[in-house]
2 protein chains.
Amino acid sequence: MNMWTNDWPRLELISAEGVEAIDATALRILEEVGQRIIHEPTLEMLRGAGLKIQGDTVHFDRGFVREALRQAPASFELQARNPEMSFVIGGNHMVNSPTGGAPFVSDLDGGRRPGNVEDYIKLVKAAHMSPQIHCIDSGIVETMDLPQPTRHLDMDYLAMRYSDKPLMTGGASYETSRNGVKMAAILFGGAEAIEQTPGLIGIVNPVSPLVWEENMLGSMHALASANQPVIFTPFLMAGTSAPVTMAGGVAQWCAENLACIAMIQTVRPGCPVVFGGYLTATDMALGQPTQGSPEWAMGILAGAQMARHYGLPFRGAGGWSSAKTVDAQSGYETVMGIWPALLSGTNFMLHAAGALESTMIISAEKMVMDFEILRMFEWMLDPGLPVNDDTLAFDAIAKTGPGGLFLASPHTAANFRSALYRSELASLEDVNLWTEQGSKDTLVRANERYKAILEAYEDPGLDDAIDAELQEFMAKRKSEIGTST
Amino acid sequence: MNMWTNDWPRLELISAEGVEAIDATALRILEEVGQRIIHEPTLEMLRGAGLKIQGDTVHFDRGFVREALRQAPASFELQARNPEMSFVIGGNHMVNSPTGGAPFVSDLDGGRRPGNVEDYIKLVKAAHMSPQIHCIDSGIVETMDLPQPTRHLDMDYLAMRYSDKPLMTGGASYETSRNGVKMAAILFGGAEAIEQTPGLIGIVNPVSPLVWEENMLGSMHALASANQPVIFTPFLMAGTSAPVTMAGGVAQWCAENLACIAMIQTVRPGCPVVFGGYLTATDMALGQPTQGSPEWAMGILAGAQMARHYGLPFRGAGGWSSAKTVDAQSGYETVMGIWPALLSGTNFMLHAAGALESTMIISAEKMVMDFEILRMFEWMLDPGLPVNDDTLAFDAIAKTGPGGLFLASPHTAANFRSALYRSELASLEDVNLWTEQGSKDTLVRANERYKAILEAYEDPGLDDAIDAELQEFMAKRKSEIGTST
């Protein structure tokens, strides 16, 4: 199993009464306001379940929602084709996935450009090589150089081909998610193998506030009917897609998540789900969301606290940034968001590496910087700050004595390799040496490190027969979709 | 009163048993290893107090230390000449002070250069204007263009002249700290006024491990005999000035702090003290300390936890960075350190703004970026995420309904100004607008903001009679020291 264990106490900014009040408001939204379900098969299913429906507005009553919550597991495993890379989502575990969904990519050498297959493969390779990245997002960048209707097949395939870590599919419609499920079935030896232990995880988003449209619900059906886990991701911007006051946003967030959980448990009782989403502020002058902002940080803490209330795993966002380049803003916004991820007990951190421009681009250098930041948090979780006779080092202190230098102590020689964190990116040298070596800022250093990571890439390989089967499936689907390349 | 209130739960990485083990080790260090006291008057005082002394190594027994701990107050007030700016150090309060002690200054316009009076005044003005900076450090930058033996007088004076916030003196010897105390007495209307409510705070550092030299102990006597609070600041680098394993560093840190507290309470029972210092890693290849690293963050958490154990206020470090410029590293390292400051319940955050190159320089742009980062944390403390009927906004959600836009809601219009944080620095615009406006990164944006802050500076003035008295005192001392300028 490959995941973090986060035994830190949770930082909860909302009181127990506050949680109850938010939950009560969420239930009122579910029952009294309702949610638009723009998908006839889902409406039919919910009608069959006895819900009150007016037009396409469905009122989810609390009994129905509570029953769904009872059916959803508190944690579940996601399998990797390399069993050592499998992980658990939930409990005190945490896993990280790179940013997903960006249409653009950038690096220092080639600048900002549309996503493409060449960069896609490099990015997957780099994510594969980072021990702090546990999951591969098949939407790590859009391959804009491939035909739109079928590129999801190539993207899922390339993620499967170049990494043996668990997979998040970028699928966002019935067709695309169903294809992802079928390819995962091929990868893991059949539909039953992934029904028992899920082989990919997908995302379903409402259009906030309170609307679920056809493609997303189709994707939900494709995933849930195969028992593949689904993360819900409302994007709540206080003042535009959510109330301007955060507490109302949290309530709406809960209402949206609970509705989708109820739908999924109706499709497939027991299907694993992840309470997810973002809640942040809108910059009212620009109409843009803020990231690494106070609302962003508090949104992560609040969402995770509510997920805990409902007994569900939580998916938060990691190092998003509004910055346009790997500048100081990109650094401070990222860490503004990653501390709360740890403090909240986030179980699945999406967008944990690479995001700039509010995920409009994935930056190779930003990704490498984020790897380093994640490594630092990993170190704080393990080894942390162990206290025992050896680490208390009384004898070393006594022998070194007042005015002595611990550099010369046998205790230092015996322990420094394991006791001290060593950055792979930061400039720690003094300014003279730094200047001598070319005054390299983080962007330049990260660019060098990105190339070194790609140099060091170790191909996990892919079984020939499985590869052939995947290729065959893709060829067939492409020909059916009618844009064979 | 001008300070933050931090009611967040404390993040404690060390178990209760771990705290006891560290305390027990600290007491063994105090008693068995002892500490070198290179200052005859202090040795004489400690001899008089009945301590065991061999050469200049003093063994502090636990009874003596515990009695000192009983005498030291858990919190105290530091007064400002503007009473609204006074604050309390201790309890659940937090105050921020800019970085101090840097010999160099830099900004985008003038580059890196030795500290000087002109920049000194600008930096004090900017710190004065930031609502997130509560204390002015008279060592905000060294005025290298003034004669060394007397520049401490000018620096204390300029800090008093251009800000009416409480003052930290840069004094680091008996002579310099005594002058600071005398000037504070003039500022506040006499020695008695500052004996009752302290009028400046100073710092005393050991040479770790376990050595206290003459100048620092002289400074300690000058401050403590006038009942002015003292912060202790060991700089513990795991592997050089402290054991390579952190727990031993924490124990040594406690031993050094407890020794100095015992000395201070012997000079002046009840004198306010602050448990302080840094504990971080040494980069073993470069011999440099790491900042914004895992050890840095855990050091803050551990130090504050021990200070709480001893019932003392805690002084931690804020946004130190090893970066050489306002690049991404400077951003991520800063926030890596400021989250733990809040999570640890740090009471006095020194180096909260401006530090680069491990505080070898104060950067104007870094300072402005840090102001912004501090503003974000302030927002999370207050207003935070209040939950009540108005913020839950059920009516707004019901009226906006599925698919609606909250931008049009009267609830948004009524609340957006107070509900949403607004950055004064970050780039939130989309990439096209950003490019149109000159592709300004954080360094450029912060430079513009620094100039705007200085433009907006409001002089708090200084009473003419007090000003004249301060000038007279300085002239007299300069002539006595023999380097009148």
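The values are calculated or read from the model by the stated rules, or taken from the named source; none is laboratory data. This is a predicted model, so every value here is computed, not measured. Using ideal geometry, Cβ is built from the backbone for each residue, glycine included, and neighbour counts are taken over all protein chains shown. All accessible areas refer to the heavy atoms of the entire protein, side chains included, with ligands and DNA or RNA removed. Shrake-Rupley method; radii C 1.70, N 1.55, O 1.52, S 1.80 Å.
Output the number of the condition that B:Thr359 fails; it satisfies all remaining conditions of (1) open to solvent by 10 Å² or more (accessible area, probe 1.4 Å); (2) closer than 13 Å to B:Leu123 by Cα.
(2)
If you check B:Arg81 against the conditions, is it of a type outside the set (A, V, I, L, M), crowded, with 20+ Cβ neighbours inside 10 Å, more than 14 Å from every other protein chain (Cβ to nearest Cβ) and under 25 Å from the mean Cα position of the chain (by Cα)?
Yes, satisfied.
Condition check ((1) over 17 Å from the mean Cα position of the chain (by Cα); (2) surrounded by fewer than 24 Cβ atoms within 10 Å (Cβ to Cβ)) across all residues:
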{"residue": "A:Lys165", "(1), (2)": "no, no"}
{"residue": "A:Met168", "(1), (2)": "no, no"}
{"residue": "A:Phe188", "(1), (2)": "yes, yes"}
{"residue": "A:Ala191", "(1), (2)": "yes, yes"}
{"residue": "A:Glu195", "(1), (2)": "yes, yes"}
{"residue": "A:Pro209", "(1), (2)": "yes, no"}
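Which condition number in (1) crowded, with 16+ Cβ neighbours inside 10 Å; (2) under 23 Å from A:Pro166 (Cα atoms); (3) of a type outside the set (D, E, K, R) is the one that A:Ala74 fails?
That leaves (1) as the condition not met.
Can you name the condition, by its number, that A:Gly303 falls short on among (1) buried (at least 24 other Cβ atoms within 10 Å of the Cβ); (2) more than 9 Å from chain B (Cβ to nearest Cβ); (3) under 22 Å from A:Arg36 (Cα atoms)?
Of the numbered conditions (1) buried (at least 24 other Cβ atoms within 10 Å of the Cβ); (2) more than 9 Å from chain B (Cβ to nearest Cβ); (3) under 22 Å from A:Arg36 (Cα atoms), the odd one out for A:Gly303 is (3).
Can you tell me how many residues within region B:339-369 are out of contact with any strand residue (DSSP E or B) (no Cβ under 8 Å at 6 or more places or on another chain) and closer than 26 Å to A:Asp430 by Cα?
Final tally of qualifying residues: 5.
A:Val141 - would you say it is of a type in the set (Val, Ile, Thr), in a loop (DSSP other than H, G, I, E, B) and either on the phi < 0 side of the Ramachandran plot or modelled with pLDDT of 95 or more (or both)?
yes
Spot the failing condition for A:Lys478; the list is (1) farther than 30 Å from B:Gln54 by Cβ; (2) surrounded by fewer than 17 Cβ atoms within 10 Å (Cβ to Cβ), and only one is missed.
That leaves (2) as the condition not met.
Hey, among A:Val88, A:Val95, A:Val105, which residue is β-branched (Val, Ile, Thr) and over 16 Å from the mean Cα position of the chain (by Cα)?
A:Val105
For a quick check of your reading of the model, give me the residue pairs whose first member lies in region B:172-190 and is over 19 Å from B:Met216 (Cβ atoms), whose second is among the polar types (S, T, N, Q) and buried (at least 19 other Cβ atoms within 10 Å of the Cβ), with beta-carbon atoms closer than 7 Å and at least 6 apart or on different chains.
These pairs meet every condition: B:Phe188/B:Gln79.
Within region B:190-301, considering only helices (runs of 4 or more DSSP H) that don't extend past its boundaries, which have at least 1 residues that are more than 23 Å from B:Cys135 (Cα to Cα) and of a type outside the set (Lys, Arg)?
B:214-225, B:246-267
Tell me, please, whether a residue that is within 7 Å of chain A (Cβ to nearest Cβ) and either open to solvent by 10 Å² or more (accessible area, probe 1.4 Å) or in a loop (DSSP other than H, G, I, E, B) (or both) can be found in region B:308-318.
no
Quick check: anything in region B:45-56 of a type in the set (S, T, N, Q), modelled with pLDDT of 95 or more and loosely packed, with under 14 Cβ neighbours inside 10 Å?
Yes; the residues of region B:45-56 include at least one that is of a type in the set (S, T, N, Q), modelled with pLDDT of 95 or more and loosely packed, with under 14 Cβ neighbours inside 10 Å.
Just to be sure I understand the filter: pairs with C-beta atoms under 8 Å, separated by 6 or more residues or on different chains, first member in region B:91-118 and within 13 Å of chain A (Cβ to nearest Cβ), second member aliphatic (A, V, I, L, M) and open to solvent by 30 Å² or more (accessible area, probe 1.4 Å). Which pairs pass?
Note: pairs meeting the criteria are B:Ala102/B:Met360; B:Pro103/B:Met144; B:Pro103/B:Met360; B:Phe104/B:Met360; B:Leu108/B:Leu443; B:Leu108/B:Val444.
When the residues of region A:322-353 are narrowed to those that are facing another protein chain (nearest Cβ under 9 Å) and not in a helix (DSSP H, G or I), which ends up most open to solvent (accessible area, probe 1.4 Å)?
Selected residue: A:Thr325.
Those residues that are open to solvent by 10 Å² or more (accessible area, probe 1.4 Å), touching a strand residue (DSSP E or B) at 6+ places or on another chain (Cβ under 8 Å) and not β-branched (Val, Ile, Thr), I need them from region A:220-255; list them, please.
Correct list: A:Phe235, A:Met237, A:Ser241, A:Met246.
In region A:354-381, which residue that is away from chain B (no Cβ under 11 Å) and touching a helix residue (DSSP H, G or I) at 6+ places or on another chain (Cβ under 6 Å) is farthest from A:Phe235 (Cα to Cα)?
In this case the residue turns out to be A:Ala364.
Name the single residue that is nearest to the other protein chains (Cβ to nearest Cβ) among those in region A:424-472 being buried (at least 17 other Cβ atoms within 10 Å of the Cβ) and hydroxyl-bearing (Ser, Thr, Tyr).
Restricting to residues being buried (at least 17 other Cβ atoms within 10 Å of the Cβ) and hydroxyl-bearing (Ser, Thr, Tyr), the top hit is A:Thr442.
Please work out which residue is nearest to B:Trp434 (Cα to Cα), limiting yourself to region A:354-378 and to residues that are assigned to a helix (DSSP H, G or I) and of a type in the set (Gly, Ala, Ser).
Selected residue: A:Ser358.
Quick one: in region B:391-423, which of the residues that are more than 7 Å from chain A (Cβ to nearest Cβ) and closer than 11 Å to A:Gly248 by Cβ is least open to solvent (accessible area, probe 1.4 Å)?
Among those residues, the one meeting the criterion is B:Ser409.
(1) of a type in the set (Gly, Ala, Ser); (2) over 13 Å from A:Ser208 (Cα atoms); (3) buried (at least 24 other Cβ atoms within 10 Å of the Cβ): which one isn't true of A:Gly287, the others all being true?
(3)
Working carefully through the options A:Leu470, A:Leu405, A:Leu425, find the one that is modelled with pLDDT of 95 or more and closer than 30 Å to B:Arg112 by Cβ.
Exactly one of A:Leu470, A:Leu405, A:Leu425 is modelled with pLDDT of 95 or more and closer than 30 Å to B:Arg112 by Cβ, namely A:Leu425.
Quick test for you: out of A:Arg28, A:Arg10, A:Arg62, A:Arg36, pick the one residue that is in contact with an Asp or Glu (Cβ under 8 Å, 6 or more places away or on another chain), within 14 Å of chain B (Cβ to nearest Cβ) and not β-branched (Val, Ile, Thr).
After ruling out the rest, the residue left standing is A:Arg36.
Report, by residue number, each residue of region A:443-461 that is over 13 Å from A:Glu372 (Cβ atoms) and of a type in the set (Lys, Arg).
Once the filter is applied, which keeps residues that are over 13 Å from A:Glu372 (Cβ atoms) and of a type in the set (Lys, Arg), region A:443-461 yields only A:Lys451.
Can you name every residue in region B:90-116 that is part of a strand (DSSP E or B) and more than 15 Å from B:Gln132 (Cα to Cα)?
Across region B:90-116, the qualifying residues are B:Gly90, B:Phe104, B:Val105, B:Ser106, B:Asp107, B:Gly111, B:Arg112, B:Arg113, B:Pro114.
Within region A:367-378, does at least one residue satisfy the condition of being under 30 Å from B:Leu11 (Cα atoms), surrounded by 15 or more Cβ atoms within 10 Å (Cβ to Cβ), free of Cβ contacts under 8 Å to residues at least 24 places away in the same chain and in contact with a Pro (Cβ under 9 Å, 6 or more places away or on another chain)?
No: zero hits.
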